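What follows is a single structure, written as structure tokens, with notes after it.
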Amino acid sequence: MQQDAAPPPVRNWDPEIDDTLVCRAVRNETHDVKTFVFAPRNPCLFRFKPGQFITLELPIGGGIIHRSYTVSSSAARPHRLSITVKRVPGGPVSNWLHDTLKPGDTIRAVGPLGEFTPGETGTPRKFLFLSGGSGVTPLMSMTRTFDDLGEDHDIVFVHAARTPADIVFRRELDALTGPGRRLRVAHVCEGIGTESHWAGFTGRLSLPMLGMIAPDFKEREVYVCGPSPFMKAVRAFLEEGGFDMSRYHQESFNFEELTAELAAGEPAAPSAPAQVAAPTDGFRVEFAKTGKVFPCPPDMAVADAASAADVRVPTSCSRGMCGTCKTKLISGTVEMSHTGGIRKREIDQGLILLCCSRPTSDLVIER
């Protein structure tokens, strides 16, 4: 008897071929946090490492805004991909997503990208996840992935929030700590809010508190994500406690803070280098919309030269990865060394990433 031919394999999602995603569901996580679930427009699979992010291209205010969000879903469930977004007061992107995006709508995206990931594990490891606010999302993706794959890791997950009502994924995290699971969860809240019977930790995460939660923290591999003050404090008290910082991993750029600064009308400055001397000569760079003009030497990225000239532009990763600083080059030429934050067809259309583009002539840029 002749057998039917096997169906063709489902290809992996490739934004170079089709970058359109369809919103399939919107879920409320807290009073100001929502999860948006996406699927490819055509059948294909998302392949990513837990902890990575995608960059969305959003039609807001008559223009296009690029914003990156960490994937919060499990990498072991490739048919869907989700992001979890906190509403930022006055934030154009988070408010647009919360108020406008609904199931059936389509958006464009690039990714997944990013290096904040435990990578391939296999061998059981001891982890300590420390998250603050929306920094929970990459660590939640890691936890969900490990659970789906049955990875035998020993995980202590500590999440810091303002009040119990602000704890993202609270019920799911607590449910994952059932019998036979090697996951311990500790919620730390600055105040109890309206929850009079709060049984978790109260105050700010500190070395003494961490010692109570995870006495063996020096034996663990630490992953940290959250607002910069939170990560700075964690790093400081881990060093004070004698932790081997070679096993410390921290998200290197903070999309949440970028969003907040843009909402306040203050675009974030490049995260690296920390200090940039103002150039006195070089090629002429003009931002056509704002009328800003400044010099940029051939060995300096446009974003760095703009920052040194006190012309601030939105940028986050400073490595050509997230796509936040993507913009149109009206005239001139650049050398661009990116790490995936821009598609080939966008380059062909004249778009560049300011954080990793160095001028080879005078430039006019659509900003």
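The values are calculated or read from the model by the stated rules, or taken from the named source; none is laboratory data. Here the structure is a predicted model, which is why all the values come from computation and not from measurement. For neighbour counting, all protein chains shown are included, and Cβ atoms are generated from backbone atoms with ideal geometry for every residue, glycine included. Each accessible area value is taken on the protein alone, full model and side chains, heavy atoms only, with ligands, DNA and RNA left out. Shrake-Rupley method; radii C 1.70, N 1.55, O 1.52, S 1.80 Å.
Here are some notes:
- Checking each residue in the range 322-338 for being in contact with an Asp or Glu (Cβ under 9 Å, 6 or more places away or on another chain) and over 13 Å from THR360 (Cα atoms) picks out GLY323, LYS326, THR327, LYS328, ILE330.
- Tally, over the range 330-367, of residues that are out of contact with any Ser or Thr (no Cβ under 6 Å at 6 or more places or on another chain) and without any contact (Cβ under 8 Å) to a residue 24 or more places away in the chain: 7
- Whichever residue in the range 312-335 is open to solvent by less than 30 Å² (accessible area, probe 1.4 Å) and at pLDDT 85 or above and, among such residues, is farthest from TYR69 (Cα to Cα): LEU329
- In the range 192-205, the count of residues that are within 15 Å of PHE129 (Cα to Cα) and surrounded by 15 or more Cβ atoms within 10 Å (Cβ to Cβ) is one or more.
- Selection within the range 152-183 - closer than 21 Å to GLU29 by Cα, open to solvent by 30 Å² or more (accessible area, probe 1.4 Å) and of a type outside the set (Ser, Thr, Tyr): ARG162, ALA165, ARG170, ARG171, GLU172, ASP174, ALA175
- Of the criteria (1) more than 20 Å from GLU219 (Cβ to Cβ); (2) open to solvent by 10 Å² or more (accessible area, probe 1.4 Å), which one CYS189 fails: (2)
- Restricted to the range 91-124, and to residues there that are open to solvent by 60 Å² or more (accessible area, probe 1.4 Å) and of a type outside the set (Ser, Thr, Tyr), the residue that is nearest to GLY51 (Cα to Cα) is GLU115.
- Taken over the range 201-254, the criterion of being assigned to a strand (DSSP E or B), more than 25 Å from CYS317 (Cα to Cα) and β-branched (Val, Ile, Thr) is satisfied by THR202 alone.
- Some residue of the range 206-227 being touching a Lys or Arg at 6+ places or on another chain (Cβ under 9 Å), surrounded by 12 or more Cβ atoms within 10 Å (Cβ to Cβ) and more than 25 Å from PHE146 (Cβ to Cβ): no
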